[in-house]
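The values are calculated or read from the model by the stated rules, or taken from the named source; none is laboratory data. The structure presented is a predicted model; accordingly, all values stated were derived computationally and were not measured. All Cβ positions, glycine included, derive from the backbone under ideal geometry; neighbour counts span all protein chains shown. The accessibility values were calculated without ligands, DNA or RNA, using every heavy atom of the protein model including side chains. Shrake-Rupley method; radii C 1.70, N 1.55, O 1.52, S 1.80 Å.
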Amino acid sequence: MKKIKKIALALGLLTVFTGSSQENDDVQKSNIQQYTPSKLIGKGKFDIKWFNNIYTETKSTFTSGEQPRQTFFTSTLEGYTGVGENNRWNVGVILKIRSNTIGGTKTLDALKFKNKDGVARAGLTSFAPSVKFVPFESVGNFSIQSSLYIPLVDNETENGVFLDQNGFIWQNRFFYDYTFPGDKWQLFTELNTELNFGDKEKSFANNSLGLTPGVFLSYFPTSKFTVLVLAQHSQRLDLGNNFSQNYTALGGGTKYQLTNALNLELLYTNFVGGDNTGLGETFNLGLRAIF
């Protein structure tokens, strides 16, 4: 828990710092317009994102009717810096903190970061060295993010409470965006691939491949504000662990440029169907600073 408190303090200091920083490189577009996930930052710049996701469910495809509420909170901190020339390479690291509760607890109980036998678990669960790159110099709006998640949990589940996967994940995310003439509409697409590997006795997901395509359509009433809708489908393919899974999620949200460096993101998604999955909803809040 001391690690979590130190990370929270660092994020608070980051917010204060970026709130007063100035970004003079692009006076025509805000960061939410210019720096989609497809776009990389330049040499010497920093891109830090703190993204928080609460997934909560009372229904699933495993049982009929309602079940006691389960809530899974994931807080992800990503930090990148630009290296080399021509905005084609970024290197960084990703930290993942999780806090989960089961047994009919309230949704926000997951934010208490408690460890209680049979009810709640929390902790720093994985980290990932990561690289972003633009494979084709002539296509600057297409990029790839490659990360290797290294697990920090000893037991995936303890006394019925799941914390996080106990296995390695090689994640590759393919990003592409297109801004329509007039700069009012923007289409962003993503294909997220996750190869899970390790001892299949330690994790339900080991020896499987996850494929998650997503489409995001944004409208910009102003350069500093956007609303968006999204659709995602995830398919887990069995590569030897005798478990497959899929779900479809629909949602929407908004982004706002708080300062020249800092922007705020709010998203909501609903799991509308699937197999071997929960049928819950997510509430998401993110802060991103580029300086």
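Odds and ends about this structure:
- If you check PHE220, PHE204 for being at pLDDT below 95 and at negative phi, only one passes: PHE204.
- Checked across segment 142-149, the condition of being more than 22 Å from LYS45 (Cα to Cα) and in contact with a strand residue (DSSP E or B) (Cβ under 7 Å, 6 or more places away or on another chain) holds for at least one residue.
- Taken as a whole, the structure places PHE216 among residues that are under 25 Å from VAL134 (Cα atoms), touching a Ser or Thr at 6+ places or on another chain (Cβ under 8 Å) and surrounded by 15 or more Cβ atoms within 10 Å (Cβ to Cβ).
- Hits in segment 156-192 - residues which are in contact with a Lys or Arg (Cβ under 8 Å, 6 or more places away or on another chain), under 30 Å from THR254 (Cβ atoms), open to solvent by less than 50 Å² (accessible area, probe 1.4 Å) and in a strand (DSSP E or B): ASP177, GLU190, ASN192
- For beta carbons closer than 9 Å, sequence separation of 6+ or different chains, a first residue in segment 176-195 that is closer than 10 Å to THR36 by Cβ and a second that is part of a loop (DSSP other than H, G, I, E, B) and among the aliphatic types (A, V, I, L, M), the qualifying pairs are TYR176/VAL139.
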